[in-house]
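The values are calculated or read from the model by the stated rules, or taken from the named source; none is laboratory data. Keep in mind that this is a model prediction, so the values were computed, not measured. Quick reminder, even Gly has a Cβ in these numbers, built from the backbone with ideal geometry, and neighbours come from all protein chains shown.
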Amino acid sequence: APILLWFRRDLRLSDHPALHAAAQAGPPVIPIVLRDPVTDGLGAAPKFRLGLGLEALARTLEDQGSRLILRSGAALDVLRALVAETGARSVWWTRAYDPDSVARDTEVKAALKAEGIEARSFGGHLLFEPWTVATKEGGFYKVYTPFWRAVRDREVDAPLPAPGRIPAPASWPESERLADWRLDAAMHRGAAVVAPYARVGERAAQGRLGHFMAHVVDGYAESRDRPAEDGTSCLSENLSLGEISPHQCWHAGVRAMEEGKAGAQTFLQELVWREFAYHLMHHTPRLTSANWRPDWDAFPWSEDESAATVHAWKQGRTGIEMVDAGMREMYVTGRMHNRARMIVASYLTKHLMTHWKIGLKWFEDHLIDWDPASNALGWQWSAGSGPDATPYFRVFNPVTQAKRFDPDAAYRRRWIAEGQRDPPESACAYFEAIPRRWGLAPTDAYPAPVVAPDEGRKIALDAYESRDF
Ligand code: FAD
């Protein structure tokens, strides 16, 4: 009887434990993808990016004489139907850890098992399953550094090769057409502007890793903080959809360390930040939806999404160049440099005194590297409401940050057209990428700051000092 292999955020053939096991098991393997409420609930950019990823995966499977079968509906209903149609007795998948996926998978597993179907989940998305890392007292880690110390010397499984052959069934079940899913439908901003920046699929991801290890990792400890440079791996986009595995990244990092590449350990540490985010999301699922420290519920953040200041932040028109450059980079490329993410998040939650959940949602709608755990941890870290967060009273000054990390203004010039005699293509692309109804043009005047750095700092600190917790 065939094995149904349910792809979710694991769009690769190499180092895929579930696929590897299925291909070796003997029976035919039927790769499937479901458009279910969890997929439908994705933000605009992640959904659009998922569409690109599925297209690439389908092609790769076809090259191997296999196929990708697409179906829509509630996961359990669709799986039951496929089991009935194909005579499959097994449904296998790679584990996910966000609260919505966990709820769905738990229900699916219990129901299928009760019906005598083998429902089996595999690792692959993380280096360390969240429940395998525990403190001496048996609890989970709330601070990064001890977490890093607990895992850094662990054996990490060597990556598995892609299966040489994926056994095909004698006949394939019907498939819906990916184009009919319209996964790009919510991209009100210019999908055509963003698409060329995406590096889609397993081959592209391996190319990125290779480029990073050959040319970037040596200087990574410093270059990672300078947003104008090609100074990071950009692998978050591919890790998010599993087009590359963290194990493949880890082992490449270890090899680079052995070759004496200076920044390699820092790269491994960053990969472990991703692990730490998942560890926290697993043990405290509220990470994605509520203040991790409940005492912050009393903090007087504004939740008014229609405020003019929030609108200016979303548009990249706060009048603070470093903030606006970051927001515009995200519009055009679907990504934002980590330094800029920290700066725009600090500005929103401190200078503009706006709840981090508004920023989290905006990122969720605009990032092609959106990750449920890293986005939530990043926002709660920046806002001060999270575990191991930057203390609220440490307010980033976006002007000082710009001087330090973008000393020659290359990043700001790349993304802000207004006021430049001959703005670069990237800066002009912003006006193509944003919704037309905003009615903005490169010839517009650059706005004055909606909240100046010192004023914002004072507003934030006053609120912090008068809080009643
Ligand atoms: P590199 O510097 O090359 O790092 C390698 C890998 O390590 C990354 O691909 C990523 O998987 C991991 N990593 C690096 N920094 C972090 C970090 N701070 N937290 C967790 N993992 C990290 N990252 C996402 O992948 N998706 C998100 O939606 C996301 N939202 C964020 C929101 C905010 C407010 C902040 C402050 C950070 C967010 N991050 C998010 C973390 C970080 O900004 C990105 O992972 C990083 O910019 C990705 O670029 P890179 O792949 O070139 O990273």
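Of a type in the set (A, V, I, L, M, F, W, C) and assigned to a helix (DSSP H, G or I): which single residue out of L440, L461 fits that description?
Numbers: L440 fails: assigned to a helix (DSSP H, G or I).
Residue meeting the stated conditions: L461.
If you scan segment 165-217, which residues turn out to be on the phi > 0 side of the Ramachandran plot and assigned to a loop (DSSP other than H, G, I, E, B)? Working first, answer last.
We begin by selecting, within segment 165-217, every residue on the phi > 0 side of the Ramachandran plot; these are 182, 201.
Matches in segment 165-217: R182 only.
Would you mention how many residues in segment 218-256 are within 9 Å of the ligand (Cβ to nearest atom), within 30 Å of K403 (Cβ to Cβ) and either over 16 Å from the mean Cα position of the chain (by Cα) or aliphatic (A, V, I, L, M) (or both)?
Residues that pass the stated criteria total 4.
Within the set of pairs 6 or more residues apart or between chains, which connect a residue that is over 25 Å from C428 (Cα atoms) and outside any helix (DSSP H, G or I) inside segment 333-357 to a residue that is within 11 Å of the ligand (Cβ to nearest atom) and not aromatic (F, W, Y) with Cβ atoms less than 9 Å apart?
Going by the 9 Å Cβ cut-off, the qualifying pairs are T354/L348; H355/L348; H355/T349; H355/A383.
Can you tell me how many residues within segment 316-357 are in contact with an Asp or Glu (Cβ under 6 Å, 6 or more places away or on another chain) and within 14 Å of the ligand (Cβ to nearest atom)?
Number of matching residues: 4.
Just to check your reading of the model, which residue among S236, S245 is of a type in the set (S, T, Y) and crowded, with 20+ Cβ neighbours inside 10 Å?
On the way: S236 fails: crowded, with 20+ Cβ neighbours inside 10 Å.
So the residue among S236, S245 that is of a type in the set (S, T, Y) and crowded, with 20+ Cβ neighbours inside 10 Å is S245.
Give me the helices (runs of 4 or more DSSP H) completely within segment 1-69, filtered to those with at least 1 residues that are touching a Pro at 6+ places or on another chain (Cβ under 9 Å), ordered by residue number. First the steps, then the outcome.
Working: elements: 17-25, 37-40, 44-63.
The helices (runs of 4 or more DSSP H) meeting that bar are 17-25, 44-63.
Taking segment 374-385, which residues are more than 9 Å from the ligand (Cβ to nearest atom) and farther than 14 Å from M342 by Cβ?
Across segment 374-385, the qualifying residue is only S385.
Starting from segment 258-281, take each residue that is more than 9 Å from the ligand (Cβ to nearest atom) and list its partners that are of a type in the set (K, R), counting only C-beta distances under 7 angstrom and pairs at least six apart or across chains.
As it stands, the answer is none, since no pair meets every condition given.
Within segment 417-455, how many residues turn out to be within 27 Å of A307 (Cβ to Cβ), touching a residue at least 60 places away in the same chain (Cβ under 8 Å) and in contact with a Phe, Trp or Tyr (Cβ under 7 Å, 6 or more places away or on another chain)?
Looking only at that region, the number is 5.
Do you know which residues across segment 267-298 are over 18 Å from the mean Cα position of the chain (by Cα), among the polar types (S, T, N, Q) and buried (at least 17 other Cβ atoms within 10 Å of the Cβ)?
Here is the first cut: in segment 267-298, the residues over 18 Å from the mean Cα position of the chain (by Cα) are 283-284, 290-298.
Narrowing further to those that are among the polar types (S, T, N, Q): 284, 291.
Answer for segment 267-298, where residues must be over 18 Å from the mean Cα position of the chain (by Cα), among the polar types (S, T, N, Q) and buried (at least 17 other Cβ atoms within 10 Å of the Cβ): just N291.
Failed condition for D371, given (1) touching a residue at least 40 places away in the same chain (Cβ under 8 Å); (2) more than 9 Å from the ligand (Cβ to nearest atom), with all others met?
Every listed condition holds for D371 apart from (2).
Do the conditions hold for E174, that is, is it surrounded by fewer than 16 Cβ atoms within 10 Å (Cβ to Cβ), more than 19 Å from T284 (Cβ to Cβ) and assigned by TED's automatic domain parsing to the domain that holds S66? Before you say what the answer is, go through the steps one by one.
Working: surrounded by fewer than 16 Cβ atoms within 10 Å (Cβ to Cβ): yes; more than 19 Å from T284 (Cβ to Cβ): yes; assigned by TED's automatic domain parsing to the domain that holds S66: no.
Against the criterion (surrounded by fewer than 16 Cβ atoms within 10 Å (Cβ to Cβ), more than 19 Å from T284 (Cβ to Cβ) and assigned by TED's automatic domain parsing to the domain that holds S66), E174 does not qualify.
Could you tell me whether any residue of segment 24-36 is surrounded by fewer than 17 Cβ atoms within 10 Å (Cβ to Cβ), touching a strand residue (DSSP E or B) at 6+ places or on another chain (Cβ under 9 Å) and under 30 Å from V272 (Cβ atoms)?
no
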